[in-house]
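Below: the structure, in C-alpha cells.
The values are calculated or read from the model by the stated rules, or taken from the named source; none is laboratory data. All of these numbers come straight from a predicted model, not from anything done at the bench. Cβ coordinates were reconstructed from backbone atoms using ideal geometry, including for glycine residues, and neighbour counts include every protein chain displayed. Remember, those area values only see protein heavy atoms, side chains included, never the ligands or the DNA or RNA. Shrake-Rupley method; radii C 1.70, N 1.55, O 1.52, S 1.80 Å.
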Amino acid sequence: MKAQGGISYDNAAVASCPKHLLQFAVDQRYDDYTPVDHAVWRFIMRQNSFFLREYAHKVYFQGLLNTGISSERIPRIEEMNDILAKIEWGAVAVDGFIPPAAFMEFQAYKVLVIACDMRQIHHIEYTPAPDIVHEAAGHAPIIVDREYSNYLQRFGEVGAKAMSSKKDFELYQAIRHLSILKERPDADPKEVEEATKLVEHRQKTLGEPSEMALLSRLHWWTVEYGLIGTLENPKIYGAGLLSSIGESVSCLEPAVKKIPYSIDAMNQPFDITTKQPQLFVCRDFQHLKDVLEEFASKMAFMVGGLEGINKAIECNNTATCEYSSRLQVSGVFTEVITDENNSPIYLRTSGKTALAFHDKELEGHGIDYHKEGFGSPVGKWKQTSTSPESLTNDQLHALGIVEGKKAKIEFVSGIVVSGRVEKILRRERVLFDPDWGMYDMAVGERISSVFNGAADKDTYNQVALVPKERTIKVPSDTKRRRLENLYAQVRKIRDSKTGYERLGEIWETQQAEHPEDWLLSMEIFEILDTTDQQPELKAKIEKFLNEKKAKTKDLSTLISWGFRLVEYHKKPEYEAALHASP
C-alpha cells in the first residue's frame, strides 16, 4: 500500500502506526542523493567496516549482513523495510530531529525513525544532525539482536508515557535549529553562535528535569553512545558512535572516562555538538532493561496518585490522568485538591479536554464538548465500601442511583454531588455518568496512572508538534553538478571495471575546477592501486593527497584513514575478512 508522497506502508510495523505519528513520515526522495553523497556514504561505511570489526559489538556486522545494508551505496528505505519485516520491525524516513515523544512512540511500534538527509563531506567524521548514516548504519544493524530490539521497543513504550514540559519542547526546537544550521555549508558563523547560545540558555533554564529529559539522557548514554562489556575492554553498540568514524576511534582512548552504567546516568547531561568526555559501559543488554525498569517504576504512569497529578500540573502540557476505573481524562491539568491525608480528591483541567477509555475517546466527550476544561472528584463514596467502578446495577439502585431519578452522592472526602441521573454508561469495569444536569462526572477510586499526551491522540488532534523549520538541502549549482558528474564517472569505472584510461583526464579536471576536493582523488588512487595501472598518475595523486594532509589539519586524519584502507585491501586476509561472518 502506498500513501501520498510515495511513502510505503507495506511494512506491517509501519502500517500499524497511528496517524498522529505518520504525519512525521516523508518521502526519502532517493533520486535526490548525488554521486558525492554516495561517495561519502561509501567512505564512511568502508572505514567503519575496517575499524569496527575489532571494536564493535559482535552483532553489528551480522546486522549489516542481515539488513542488507551495502557499503557501496545509500540504502533505500523500502529495501530496509522488506528486510526489517522479517524481525517484525520497520522504518520511516523523517526530516531531521523529530520531537522526543514521537521518536519514542515510533520505537514502541517497532519502527526505526530514519533521518533521510546525508551528511556533507565537511562533516564526514561527525554530524550534529541526524542523518541516514546514523540511523541506517548505526541503529538498524543492532536491532537484529532480539534482546536489544526488545529493549528498544520497551524504551519506546516507557518514553512515550514520559511527562514532558513546554521547556523540553522549546529546547528540542533550539537543538533542531542548531543542527540544521551546522549542516548548512554556507552557515553564517554569527547565526550559529546565536543558535548555540540559545541551546545553552535553554539547557541552563530548564529547571528540574522532566521525566522525558531524564529518559533522554538514559537513551543517549545507551542507544546512542553506549559501550558494552568490561570497563577495561568495552565494545561499541551505540548508534552515535557506530556512525561517527571520528568518535568511534577516539571514544575507546583512555582520555574518555568509562563509567559503569546505572540509573545514575540520568543525572549526566549531554552535548550533541561535540564529542563526549565520558561514556557508560553496560554488562549486557539485560542490564539495560533492568535499569530502564528501575527508572520506569518511579514514573507517573506507574505510580499515579498525587505525585503523578502534580507532575502533570508542573509540565503545563497535555497529559492524561487515568482513574482506577480505566477512564482517562486528557487535557492541561491546572489543579488538584487533596484531603487531610494528602490524597487527591478532585482534579481539574483548563482548555480542551477529552474523556477516553482504553485509549479510545468516549463518544460525545471530545475536545469540542469539553472545550472549557473538566473537573471531577476522585475517591470512594460514603454509602459503600465498594469502589465506585465495581458497583453492580443492583448496588447502584440500592444507593438510590437510578437513571431518570434524582440522586445524591457523598464522597468520603466530603465532596457532595447531587442531581438527576440522566445516563449510566459502562465499559467493562468503567462506570461513567456522562450528564448529571449540567455536570459530567468521572468515576474511580483513585488515579492509577498519569502520562504524557492525550489518551487518544488521533481524535484529540494532537498534531501541532510537527516541526515547521525544514532541514536544508545543499543547493546544486553548475559547478557543483560538474563535480557530481566526475564522481559519477569514477563510480561507473570502478563498477564496470572498464575505462581506466579516462581517470587521468577526470583527475586533471577535478584539480582545475575543484582543487578543494580530496575524496574523488582518494577514490581514483584506490582504483589505480587495486588495478596496478598508471603508476605515474598514482604517484601524482598520492603527492597531492599528502600535501592536502600536511596543510589541512581537518583532512589529515581522513586522508590517513583512506591510505590505511588501501593498504589493508592489499593484504591476503582482506578478502576473507570482508566476506566472513563475525
Note down the magnitude of the dipole of the chain about its Cα centre, charges +1 on Lys and Arg C-beta and -1 on Asp and Glu C-beta and zero elsewhere, to the nearest 20 debye.
-> 100 debye
Heavy-atom accessible area of the chain with neighbours in place, 1.4 angstrom probe: carbon+sulfur share in percent works out to 51 percent
Work out the length of the dipole vector of segment 326-421 about its Cα centre, built from +1 on the beta-carbon of each Lys and Arg and -1 on the beta-carbon of each Asp and Glu, and round it to the nearest 20 debye.
-> 240 debye
Whole-number D in µm² s⁻¹ for segment 259-364, Kirkwood Cα-pair radius fed into Stokes-Einstein, 37 °C, 0.692 mPa s = 197 µm²/s
Packing-based order for 168-181, 536-549, using average beta carbon neighbours within 10 Å, highest first | 168-181, 536-549
With a ≥ b ≥ c the root eigenvalues of the C-alpha gyration tensor of segment 138-224, is it rounded (a/c under 1.5), prolate (a/b larger than b/c) or oblate?
-> oblate
Residues HIS201 and ARG482, FRET efficiency given R0 of 30 Å [Cβ-Cβ distance, rounded to 0.05] = 0.10
In vacuo Debye sum over C-alpha of segment 179-245, base-10 log of normalised intensity I(q)/I(0) at q = 0.20, 0.27 Å⁻¹, listed in q order, is -0.97, -1.04
If the cut-off is 22 Å between C-alpha atoms, which lysines fall inside it for LYS497, apart from same-chain ones fewer than 8 positions away?
-> LYS538, LYS540, LYS570, LYS571
Roughly how many nanometres apart are two label points built 7 Å out from the Cα toward the Cβ at GLU294 and ALA512?
-> 6.6 nm
Taking Cα pairs under 8 Å and at least six residues apart, what relative contact order does the chain come out at, in percent?
-> 12 percent
Put a dot 7 Å past each Cα toward the Cβ at LYS408 and ARG146; how far apart are the dots in nm?
-> 6.3 nm
Let a ≥ b ≥ c be the square roots of the eigenvalues of the Cα gyration tensor of segment 490-540; is it rounded (a/c under 1.5), or, if not, prolate (a/b larger than b/c) or oblate?
-> prolate
Rounded to the nearest 0.05, what FRET efficiency do GLN286 and GLU157 have when you use their Cβ-Cβ distance and R0 = 22 Å?
-> 0.80
Put +1 on the Cβ of every Lys and Arg and -1 on every Asp and Glu Cβ in segment 265-316; which of ILE309, ASN267, PRO277 then has its Cα farthest towards the positive end of the dipole?
-> PRO277
By average C-beta atoms within 10 angstrom, highest first, the peptides 379-386, 104-111 = 104-111, 379-386
Listed residue pairs exceeding 24 Å between alpha carbons, taken from LYS275/LYS553; LYS58/LYS289; LYS166/LYS352 = none
Among LEU206, LEU218, MET299, whose Cα lies farthest out toward the positive end of the dipole of the chain, if unit charges sit on the beta carbon of Lys, Arg (+1) and Asp, Glu (-1)?
-> MET299
Computed on Cα atoms, Rg of the chain relative to 2.2 N^0.38 Å comes out at 1.16
In percent, how large is the relative contact order of segment 1-126, given Cα pairs closer than 8 Å and 6 or more residues apart?
-> 33 percent
Apply 1/(1 + (r/R0)^6) to the Cβ-Cβ distance of ASP27 and ASN546, taking R0 = 45 Å, and write down the FRET efficiency to the nearest 0.05.
-> 0.60
Of LYS311/LYS371; LYS86/LYS182; LYS204/LYS311, which ones are farther than 27 Å apart at the Cα?
-> LYS86/LYS182
With each pseudo-label sitting 7 Å past Cα toward Cβ, what's the GLN268-ARG73 distance in nm, one decimal?
-> 4.1 nm
Considering segment 128-180, what Rg and Dmax in Å follow from its alpha-carbon atoms?
-> 14.2, 36
If every Lys and Arg gets +1 and every Asp and Glu gets -1 at its Cβ, then about the Cα centre segment 41-152 yields a dipole, in debye to the nearest 20, of 320 debye
Can you tell which of PRO388, THR459, ILE142 lies farthest toward the positive end of the dipole of the chain, using +1 and -1 charges on the Cβ of basic and acidic side chains (Lys, Arg; Asp, Glu)?
-> PRO388
Could you tell me the convex hull volume per residue, in Å³, taken over the Cα atoms of segment 185-340?
-> 173 Å³
